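Below is one structure, written out as structure tokens, with a few remarks after it.
The values are calculated or read from the model by the stated rules, or taken from the named source; none is laboratory data. As the structure is a computational prediction, the values presented were derived from the model and not from experiment. As a convention, Cβ positions derive from the backbone with ideal geometry for all residues, glycine included, and neighbour counts pool all protein chains shown.
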Amino acid sequence: MAIIAGVDFGTLNVRVSREAESLWEDAAPSRVLDSFTLTGNDLEAHNGFDAPQNVAPKPFDKLTTSNHRTRLELPARSYSVIEFAA
């Protein structure tokens with residue numbers, strides 16, 4: 001199994017989610033190997049000894065692929081990573 005792309009998306013829009021689209025020129029990926037997002041209500045949030053999981057990756061599943069296009073809905077204040085398989 002070959003990995004054809006690891007894509008990262010970010011949006012710092014603090015109010016609304018954002019739609020994004022990737023167009024695959026050759027074959028579209030067969031499936032998503034892994035995906036996660038970091039998001040929250042506070043852009044200055046951080047981990048500490050008293051709250052070690054305050055900022056942690058969560059599953060990202062708001063994407064669809066068809067006709068050589070992958071469409072995503074990115075949450076506000078987020079950074080998302082998606083790894084696709086050939």
*Evaluate the stretch 54-65: report whether one residue or more is surrounded by 13 or more Cβ atoms within 10 Å (Cβ to Cβ) and touching a Gly at 6+ places or on another chain (Cβ under 7 Å).*
yes
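So that you can scan it fast, the table gives a plain yes or no per residue for (1) without any contact (Cβ under 8 Å) to a residue 24 or more places away in the chain; (2) among the hydroxyl-bearing types (Ser, Thr, Tyr):
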| position | (1), (2) |
| --- | --- |
| Glu19 | no, no |
| Ala27 | no, no |
| Phe36 | no, no |
| Thr39 | no, yes |
| Glu44 | yes, no |
| Ala56 | yes, no |
| Asp61 | no, no |
| Thr64 | yes, yes |
*Return the residue satisfying two criteria in turn: it lies in the stretch 1-59 and is outside any loop (DSSP other than H, G, I, E, B) and aromatic (Phe, Trp, Tyr), and of such residues it is modelled with the highest pLDDT.*
Phe36
*Just need a number here: residues in the stretch 65-74 that are touching a strand residue (DSSP E or B) at 6+ places or on another chain (Cβ under 6 Å) and over 17 Å from Phe36 (Cβ atoms).*
2
